[in-house]
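Trainee: Okay, here's the structure, questions in a sec.
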Amino acid sequence: MTQTICLFLGRFQPFHNGHLIVLKGMVKLCHKIVIGIGSPDAPVSAENPFSVQERREMIQHSLQAIDLIPTYDISLIDMPDLPDDEVWARQCLKLAGGEITTVWTGNEWTKRCFEEIGIPVQTIKEVPGVSATEVRRRMLQNGAWEDLVPKDVVNFIETNDGIGRLRRVA
């Protein structure tokens, strides 16, 4: 039986319930999941308020809280940006450390990059009203953002002055 190794790519700024829904579905279809955290070296900005280490912690704590980690084979890796699309896609595959059978993404550019080198892509549909952009918008406008992210992400952001930091760079 062929092992399915799936790569889920995103910036996770921050990790939200839509991402979690995708991962809950992936564990049913994939033997191994590699979560590729994109733009690890991006400067802090309104679009990238959290460091790669912070995003890693948010994801890891959220998945441990519902026993996806350690129950399933899930790893997290950094996926540095590169100016050449094909080189970037091939680097992602190399960093993922195995024969990726499917890339999971909701990003059209990412989809195109992998399809152009012959890697199958599972297109993720956005959960209506749930996106990292919406979470950050609500955080900036004192809106109710907490219901869009896992409890562990709320705790992380509140403990680490995530809203204050976002406001300072916005």
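The values are calculated or read from the model by the stated rules, or taken from the named source; none is laboratory data. Computed from a predicted model, the values in this text were never measured in an experiment. Note: ideal-geometry Cβ built from the backbone for every residue, glycine included; neighbour counts use all protein chains shown.
Trainee: Among residues belonging to the range 72-91 that are surrounded by 13 or more Cβ atoms within 10 Å (Cβ to Cβ) and of a type in the set (Asp, Glu), point out the one that is nearest to residue 107 (Cα to Cα).
Mentor: Restricting to residues being surrounded by 13 or more Cβ atoms within 10 Å (Cβ to Cβ) and of a type in the set (Asp, Glu), the top hit is 85.
Trainee: For the range 84-116, give me the residue count where each residue is aromatic (Phe, Trp, Tyr) and part of a strand (DSSP E or B).
Mentor: Adding up the residues that qualify gives 1.
Trainee: Moving on. What's the number of the only condition in (1) under 17 Å from residue 55 (Cα atoms); (2) surrounded by fewer than 16 Cβ atoms within 10 Å (Cβ to Cβ); (3) in contact with a helix residue (DSSP H, G or I) (Cβ under 7 Å, 6 or more places away or on another chain); (4) not β-branched (Val, Ile, Thr) that residue 152 fails to meet?
Mentor: Tallying (1) under 17 Å from residue 55 (Cα atoms); (2) surrounded by fewer than 16 Cβ atoms within 10 Å (Cβ to Cβ); (3) in contact with a helix residue (DSSP H, G or I) (Cβ under 7 Å, 6 or more places away or on another chain); (4) not β-branched (Val, Ile, Thr), residue 152 fails exactly one: (2).
Trainee: So, in the range 1-45, how many residues would count as being part of a helix (DSSP H, G or I) and under 14 Å from the mean Cα position of the chain (by Cα)?
Mentor: 9
Trainee: Let me ask something else. Name the residues in the range 24-71 that are surrounded by fewer than 16 Cβ atoms within 10 Å (Cβ to Cβ), of a type in the set (D, E, K, R) and under 28 Å from residue 3 (Cα atoms), would you?
Mentor: Result: 24, 28, 67.
Trainee: Something else about it: Within the range 124-147, can one find any residue that is of a type outside the set (Gly, Ala, Ser) and touching a strand residue (DSSP E or B) at 6+ places or on another chain (Cβ under 7 Å)?
Mentor: Scanning the range 124-147 turns up at least one residue that is of a type outside the set (Gly, Ala, Ser) and touching a strand residue (DSSP E or B) at 6+ places or on another chain (Cβ under 7 Å).
Trainee: Sticking with this one: List every residue pair whose Cβ atoms sit under 8 Å apart, with the two residues 6 or more apart in sequence or on different chains, where the first one lies in the range 22-41 and is in contact (Cβ under 8 Å) with a residue 60 or more places away in the chain and of a type outside the set (Val, Ile, Thr) and the second, anywhere, is surrounded by fewer than 18 Cβ atoms within 10 Å (Cβ to Cβ) and part of a helix (DSSP H, G or I).
Mentor: Note: pairs meeting the criteria are 36/95.
Trainee: What is the one condition in (1) over 15 Å from the mean Cα position of the chain (by Cα); (2) at pLDDT 95 or above that residue 50 does not satisfy?
Mentor: Every listed condition holds for residue 50 apart from (1).
Trainee: May I ask you to list the residues in the range 120-170 that are part of a helix (DSSP H, G or I), free of Cβ contacts under 8 Å to residues at least 24 places away in the same chain and hydrophobic (A, V, I, L, M, F, W, C)?
Mentor: Across the range 120-170, the qualifying residue is only 154.
Trainee: Sticking with this one: Need the failing condition index for residue 129 against (1) touching a helix residue (DSSP H, G or I) at 6+ places or on another chain (Cβ under 7 Å); (2) within 17 Å of residue 22 (Cβ to Cβ), just the number.
Mentor: Result: residue 129 passes all but (1).
Trainee: Taking the stated definitions as given, is residue 66 over 25 Å from residue 137 (Cα atoms) and at pLDDT 95 or above?
Mentor: yes
Trainee: Now a separate question. For the range 58-90, give me each residue that is polar (S, T, N, Q) and more than 14 Å from the chain's Cα centre (by Cα).
Mentor: Passing the criteria: 64, 71.
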